[in-house]
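Trainee: Take this structure, written in C-alpha cells, and hold onto it; I'll ask about it next.
The values are calculated or read from the model by the stated rules, or taken from the named source; none is laboratory data. Every value quoted in this text rests on a predicted model; they were computed, and no experiment measured them. Cβ: placed from backbone, ideal geometry, glycine included. Neighbour counts: every protein chain shown. Heavy atoms of the whole protein, side chains included, go into the accessibility calculation; ligands, DNA and RNA do not. Shrake-Rupley method; radii C 1.70, N 1.55, O 1.52, S 1.80 Å.
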Amino acid sequence: QVQLVESGGGLVQAGGSLRLSCAASGRTFSMYTMGWFRQAPGKEREFVAAIYWSGDRTSYADSVKGRFTISKDNAKNTMYLQINSLKPEDTAVYYCNTDLRITNRLMRGAPGEYWGQGTQVTVSS
C-alpha cells in the first residue's frame, strides 16, 4: 500500500503564494502517476493537476493553468504544488492522490485509489 501525507496549507492573502507538499511512503516505486485534487465547501472534489512518475509529463485544470506548478522529487518521495497568484476561489482542502496502475487516467483527471487526508488552503480577499 501507499501512504500520502499533505502539508503546507495555510491562510494567505489573495495574490500570495503557497507551496504544498505530499510525502509518500510504502510502495512508492509503484506510483505511476500522482496528482492533486481540491474540494471547496459545498462543492464536489475537482481535479487540479497531475504528474507522470518521471516528472516529464504534467497536466492541469484550466482554472489553475499558468498559476499552479506541479513537480516531484523521486529521491525524496515527495510531490509538490507551487501555487501563485492565489484567488479566494482557490480556498479548499487540497488532497494528494496516486494511481499505481500503468494508465494515464489520473493525467486526465480521474483519481487513483490512494488519497492523503488533505491540507487546508484558505485565501482571504
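Trainee: Could you pull out every one of the aspartates and glutamates with an alpha carbon less than 19 Å from that of Lys87, ignoring same-chain neighbours closer than 8 positions?
Mentor: Qualifying aspartates and glutamates at Cα under 19 Å: Glu44, Glu46, Asp62.
Trainee: Please list Glu113, Glu6, Glu46 from largest to smallest accessible area, probe radius 1.4 Å, with all protein chains kept in place.
Mentor: Of Glu113, Glu6, Glu46, the descending order of accessible area is Glu113, Glu46, Glu6.
Trainee: Would you mind working out the magnitude of the charge dipole of segment 7-125 relative to its Cα centre, with +1 at each Lys and Arg C-beta and -1 at each Asp and Glu C-beta, to the nearest 20 Debye?
Mentor: The calculation lands at about 140 debye.
Trainee: At 7 Å along Cα-to-Cβ for each site, give me the label-to-label distance between Ser30 and Ala14 in nm.
Mentor: According to this spin-label approximation, the distance is 4.5 nm.
Trainee: Given contacts defined as C-alpha pairs under 8 Å and at least six residues apart, what's the relative contact order of segment 1-123, whole-number percent?
Mentor: Contact order relative to length: 36 percent.
Trainee: Relative to 2.2 N^0.38 Å, what does the C-alpha radius of gyration of segment 1-99 come to as a ratio? Two decimals please.
Mentor: Relative to the 2.2 N^0.38 Å estimate, segment 1-99 comes out at 1.03.
Trainee: What number comes out for accessible area per residue over segment 63-103 if the probe is 1.4 Å? Units Å², please.
Mentor: With all protein chains present, segment 63-103 gives 45 Å² per residue.
Trainee: So if each residue of separation counts as 0.36 nm, and I subtract the Cα-Cα distance between Ala23 and Glu46, what length gain in nm does that give?
Mentor: 6.2 nm
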